[in-house]
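Each remark here refers to the structure printed beneath this line.
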Amino acid sequence: LSYYNTSCFTICCYCCYSIFSRTILNSNMFLLTRFVAILAVLFQYTFIVKAGMFFEGEGDDDYLNYLDIARRMWSPDIEYQSVPMLYNGGFDGLVEGPTWDAWWTQNSYGTQMASYCFLPEVMFYATRQSQSWFFNHMANGTVAYTAGQGWAPDGCSCDNAEPTGCNYKQGDGDVPIHDWTMEESISAGIMQAELLLTSRNVSAMLKYSSYFVRLSNLVETRRDPASGMTLFLTGPASNLLAPSFGAWRLDNGKHAWSYMTGISVSYIAMLNRFIEVEKLLGNLYLSDLYTQRRDLALKGLNELKDPSGTYFIRSLDPNGTMHGVLNQSKHGYFEASPNHDAIAWRVVDDADAAKIFNTIVSLGSKLRPNVFILPNTDAGGGVGYDDMPCGSGKECGGIFQFGTWVNGGVWTTTEGRMMMAYYRMNATDDALASVKQMVTRFADVWRMDNPLTDFGLNPYQPTETTNLVIDNFANMGGFIRGLFEYLYTAESLTILPHLPDTLTSLTQNFGIRWGAYRLWITTVGVRSSGIALVYVNGQPLISPSVFNISTVTLIYTALPKASDLAIQSINSSFLTASTRLNITIKFITQGKQKQQL
């Protein structure tokens, strides 16, 4: 009963039944009032809106139920593990999990990007604190790293961090041959810029702007003149899901640097956000600089596609050898992350996104054997990768075996980004299947662990009484954010509805963060029919805010005036006030009308 609204009609019928039946027990009126009350119950269950704690709507109870479960996990909950459980009072921030007392870039990446827009105030604060560790400990090139491994270069961020320090290399495997945390550093920049664009905190933007310059300058040192300055050279374990990347293995067994696609895709995504941060600050010099750097990186993307131009490979050696080309005799696997990230972060246009997604779909159980997406398919013979720093999965053994860890194990930090890709492609059934798998197999029994071994079937630490890590909230967050995508810029917020057509009405009973505002969004009708009308606080949307058949673009300065306290709260470390905006999106085709008694 807690999941259903009780209508005024139902309440009235029960009142009539309870009051009058006492005085007319022997009359036909008693039978009539009881009959009406029964009809009211049936009406309630059959025609009234399905309502949970955070979502309500009509048309698809299953989808609504899992949306509500997903959102419940971001607030203290009586049934499910939740993100607040990861708060560490001593650190005054979040940690990876009870057995992982730090904050990792790659593990938090999918979760954070999926959730900044709707995080409750306390969790937004805790996330901001943890995120700051990546920059508070940014390397400056003057401090020697451990065990004589040199000096982490200026602008290098962390693999994992805590209030007192961080690691500048991925710490498993043959660490001395590892490159610095290149793609992980880029992911830290993406997350921080996204957080700032969501909050519009100008004082924080001014603080982090200098860090952003240093980070971008570090990546720029890796541009290769031999590529026309369009590609970037990095070495072993410089990828986000390190240390699986082996780079260019030479005939003498040494590992040289090569062009990894993830660096280019992630760097473009980062620069897109840096551009908007600097525009909001009015720093045209830096926004123009980042634009030039992004456009040059974009020119190199075609060099990182498979021979058919359908999807992205994992890497390209300077001698022309491609890694991550399906059915190739060597390195014949598919690399997931640069492909789903390119879709999720809109690094590629709609045409290329469709080609990539169709490739993912065509791989079926080779890439998604147990619903969740793997980092990679098999290069052949059950080895997974055949080009890790230690060799193939069989050569490396242990946690490097295919299906266990970074080689074919499931990481729901990547699943969260895949969720965003699903929604961009309107593959809502895939998104629902992912959340169902997480809830029924792991969340229901408090086994929210990562990585998930056996190709996504089992927790990594099965001997623990329970499991909990930040990664496993990524697909929950993606399930929520993907509904409307939310593209933040310096001037605007673009809402792109991706609801399944089975949801004929939807109300989010929580706010979407945008500066001083919280947007409470309601939709009415069938999404695929297109947008017909948009209202803000009950009034039609007016210029310069605009909408078309598929998108709504709100201009920040054109919104109703926010309260003074809400404006003050933007740049405050403790104020949490905001101004509520009710956004209603009506689609052309309406859903089935509720029946009237």
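Yes or no, residue by residue, for (1) at pLDDT 95 or above; (2) surrounded by fewer than 17 Cβ atoms within 10 Å (Cβ to Cβ); (3) polar (S, T, N, Q); (4) touching a Gly at 6+ places or on another chain (Cβ under 7 Å):
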{"residue": "Gly57", "(1), (2), (3), (4)": "yes, no, no, no"}
{"residue": "Glu79", "(1), (2), (3), (4)": "yes, yes, no, no"}
{"residue": "Leu86", "(1), (2), (3), (4)": "yes, no, no, yes"}
{"residue": "Gly90", "(1), (2), (3), (4)": "yes, yes, no, no"}
{"residue": "Pro98", "(1), (2), (3), (4)": "yes, yes, no, no"}
{"residue": "Met123", "(1), (2), (3), (4)": "yes, no, no, no"}
{"residue": "Phe134", "(1), (2), (3), (4)": "yes, no, no, no"}
{"residue": "Tyr145", "(1), (2), (3), (4)": "no, yes, no, no"}
Please count how many residues of the range 340-388 are more than 16 Å from Gly408 (Cβ to Cβ) and either surrounded by 16 or more Cβ atoms within 10 Å (Cβ to Cβ) or of a type in the set (D, E, K, R) (or both). 16
Using beta carbons and a limit of 8 Å, which pairs, at least six apart or on different chains, have the first residue in the range 388-413 and closer than 14 Å to Leu452 by Cβ and the second one open to solvent by 20 Å² or more (accessible area, probe 1.4 Å) and assigned to a strand (DSSP E or B)? Val410/Asn370
In the range 249-260, is there at least one residue being among the hydroxyl-bearing types (Ser, Thr, Tyr) and in a helix (DSSP H, G or I)? no
Candidate set: the range 297-312, residues that are outside any helix (DSSP H, G or I) and in contact with a Phe, Trp or Tyr (Cβ under 9 Å, 6 or more places away or on another chain); chosen: the one surrounded by the fewest Cβ atoms within 10 Å (Cβ to Cβ): Asp306
Per-region count, the range 448-477, residues within 17 Å of Gln437 (Cα to Cα) and not in a helix (DSSP H, G or I): 12
Restricted to the range 246-277 and to residues being touching a residue at least 12 places away in the same chain (Cβ under 8 Å) and basic (Lys, Arg), the residue nearest to Asp172 (Cα to Cα) is Arg249
Kindly establish whether Arg294 is within 23 Å of the chain's Cα centre (by Cα), under 16 Å from Val213 (Cβ atoms), free of Cβ contacts under 8 Å to residues at least 60 places away in the same chain and open to solvent by 10 Å² or more (accessible area, probe 1.4 Å). yes
On the basis of being modelled with pLDDT under 50, at negative phi, of a type in the set (Val, Ile, Thr) and surrounded by 14 or more Cβ atoms within 10 Å (Cβ to Cβ), does Thr23 make the cut? no
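Each row is one residue, and each column tells you yes or no for (1) in contact with a Cys (Cβ under 9 Å, 6 or more places away or on another chain); (2) in a helix (DSSP H, G or I).
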site: Gln170; (1), (2): no, no
site: Pro176; (1), (2): no, yes
site: Trp180; (1), (2): yes, no
site: Met191; (1), (2): no, yes
site: Leu197; (1), (2): no, yes
site: Asn217; (1), (2): no, yes
site: Met229; (1), (2): no, no
site: Leu240; (1), (2): no, no
Search the range 54-90 for residues being in a strand (DSSP E or B) and of a type in the set (Phe, Trp, Tyr), and hand back the single one that is farthest from Asp449 (Cα to Cα). Phe55
Met229 fails exactly one of the following numbered conditions: (1) buried (at least 20 other Cβ atoms within 10 Å of the Cβ); (2) of a type in the set (A, V, I, L, M); (3) on the phi > 0 side of the Ramachandran plot. What is the number of that condition? (1)
Residues in the range 569-591: is at least one open to solvent by less than 60 Å² (accessible area, probe 1.4 Å), within 28 Å of Gly57 (Cα to Cα) and at pLDDT below 95? yes
For residues that are of a type in the set (S, T, N, Q) and over 27 Å from Ala102 (Cβ atoms), scanning just the range 435-472, find the one that is most open to solvent (accessible area, probe 1.4 Å). Thr440
Would you confirm, using the coordinates I've provided, whether Ser308 is in contact (Cβ under 8 Å) with a residue 60 or more places away in the chain and polar (S, T, N, Q)? no
Condition first: in a loop (DSSP other than H, G, I, E, B) and open to solvent by less than 20 Å² (accessible area, probe 1.4 Å). Now tell me which residues in the range 151-161 satisfy that. Ala152, Gly155, Cys156, Ser157, Cys158, Asp159
If I go through the range 335-352 residue by residue, how many of them are closer than 20 Å to Tyr259 by Cβ and among the basic types (Lys, Arg)? 0
Test Thr46 against the criterion of being among the polar types (S, T, N, Q), open to solvent by 40 Å² or more (accessible area, probe 1.4 Å) and modelled with pLDDT of 95 or more, and give yes or no. no
Taking only pairs six or more apart or across chains, which ones have beta-carbon atoms under 7 Å, a first residue in the range 415-426 that is at positive phi, and a second residue that is surrounded by fewer than 24 Cβ atoms within 10 Å (Cβ to Cβ)? Asn426/His498
Mind checking which residues of the range 521-555 are open to solvent by 60 Å² or more (accessible area, probe 1.4 Å), within 14 Å of His498 (Cβ to Cβ) and hydrophobic (A, V, I, L, M, F, W, C)? Ile549
Quickly run through the range 442-467 and pick out the residues that are charged (D, E, K, R) and over 21 Å from the mean Cα position of the chain (by Cα). Asp444, Asp454, Glu464
If you scan the range 478-505, which residues turn out to be outside any loop (DSSP other than H, G, I, E, B) and either farther than 15 Å from Arg424 by Cα or without any contact (Cβ under 8 Å) to a residue 24 or more places away in the chain (or both)? Tyr488, Ser492, Leu493, Ser505
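The values are calculated or read from the model by the stated rules, or taken from the named source; none is laboratory data. Please read all numbers here as calculations on a predicted model, not as lab measurements. For neighbour counting, all protein chains shown are included, and Cβ atoms are generated from backbone atoms with ideal geometry for every residue, glycine included. Surface areas here come from the heavy atoms of the whole protein model, side chains and all, with no ligands, DNA or RNA. Shrake-Rupley method; radii C 1.70, N 1.55, O 1.52, S 1.80 Å.
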